[in-house]
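Okay, so here's the structure we're looking at.
What follows is calculated from the coordinates using simple rules that are stated; it is not laboratory data. From a predicted model like this one, the values you see are computed outputs, not experimental measurements. Here Cβ is always computed from backbone atoms with ideal geometry, including for glycine, and neighbour counts include all displayed protein chains.
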Ligand SMILES: NC(=O)c1ccc[n+]([C@@H]2O[C@H](COP(=O)([O-])OP(=O)(O)OC[C@H]3O[C@@H](n4cnc5c(N)ncnc54)[C@H](OP(=O)(O)O)[C@@H]3O)[C@@H](O)[C@H]2O)c1
């Protein structure tokens, strides 16, 4: 039995789909308010709980052999990094150990080891990585770059308006990863001994400048992109203003600022290692978008 946390998130949902396609038994950890009906239809066992509650985590881990931690204090989550990205993962690792779990896959983040002080999420991820490595559990730590599926709503907007908002340096590089490839790797890591007790940077096959993304959208939709490119200091001014009324949100925006201000790409050596370990050819961003947008 697999336990997948964040099962209704962008990545977690794909992981559950992959497991169901492979006819593996899977328990999807969801909230009562999550959109989980589709997972149930695919055959996943639904566990309703809250990752902020240690008791729920302990109960969810009973009878489980493999854990894939794919939740996060992102998207529709109302939790903070300390509670969800850090505490819930520590509780999950402890419960996995207590229940004799055979392998633990942790979705971290590319650059989590760079010590970005402004990002509560990056700090939490790195602390969890170290805790997992010292836990005695068999593990795989995946450090992905940005997910391709995040760009689908932006592509839809672009198709209507031709406008692309790019905050900060357009020359910053990234290796956007196909969310489908990452889901497959997350599952394969469990049964692939070469992936055990290893850390992998996970990205797409190409290093893209941020300005390449509107150009890809332009090619896909056959229209010239109008790139709106405010400088980073404008974001900083807004963040400071937000801080006057809500210091918690200001702190949480540190992760977005870290993402906007830095480069997150994998080297060709890292991609080679990934592809040879998992016997996979990583999909490019353009192929992913064309596949999902049917263009
Ligand atoms: N997105 C990226 O580009 C990116 C890049 C690198 C690393 N990552 C990491 O990859 C992982 C998956 O990211 P994602 O973008 O797929 O996440 P996401 O779409 O934002 O989903 C977050 C998931 O966590 C669940 N969750 C939040 N709070 C919860 C709680 N209190 N109890 C139970 N479940 C809770 C959410 O449930 P609901 O559906 O109920 O909200 C959702 O299923 C995260 O660890 C993230 O840090 C993401």
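Of all DSSP beta bridges confined to the chain, the antiparallel ones make up roughly 5%. Summed over qualifying helices (DSSP H, 4 residues or more, each -39500 (n - 2.57)) and divided by its residue number, the chain shows a 222 nm mean residue ellipticity of -13500 deg cm²/dmol. Contact order, relative form, for the chain: 18 percent (alpha carbon pairs under 8 Å, 6 or more residues apart, mean separation divided by residue count). Each listed q (0.19, 0.27 Å⁻¹) maps to a log10 I(q)/I(0) for the range 156-226 from the Debye sum over equal C-alpha point scatterers, namely -0.84, -1.20. If the segment from residue 62 to residue 234 were pulled out straight at 0.36 nm per residue, it would be longer than the present Cα-Cα gap by 57.1 nm.
Using the alpha carbons alone, the radius of gyration of the chain stands to its Kirkwood radius in an Rg to Rh ratio of 0.96.
With semi-axes defined as the square roots of five times the eigenvalues of the C-alpha gyration tensor, the equivalent ellipsoid of the range 54-137 measures 22, 15, 10 Å, largest first. Using Cα-only point scatterers and the Debye equation, what is log10 of I(q)/I(0) for the range 1-153 at each q in 0.08, 0.19, 0.20, 0.21 Å⁻¹, rounded to two decimals? Once normalised to I(0) and log-transformed, intensities are -0.20, -1.21, -1.35, -1.49. Counting pairs of Cα atoms in the range 80-125, how many percent are more than 15 Å apart? Tail of P(r) above 15 Å: 49 percent of Cα pairs.
Label separation (residue 192 vs residue 127): 3.1 nm, computed from points 7 Å beyond Cα along the C-beta direction. Extension gain, residue 1 to residue 113, is 37.2 nm, computed as 0.36 nm per intervening residue step minus the present C-alpha separation. Measuring nothing but alpha carbons in the range 10-87 and taking Rh as the Kirkwood radius, the Rg to Rh ratio lands at 0.94. P(r) for the range 87-231, from all Cα pairs and a bin width of 10 Å, is 11, 32, 30, 18, 9, 1 %, short bins first.
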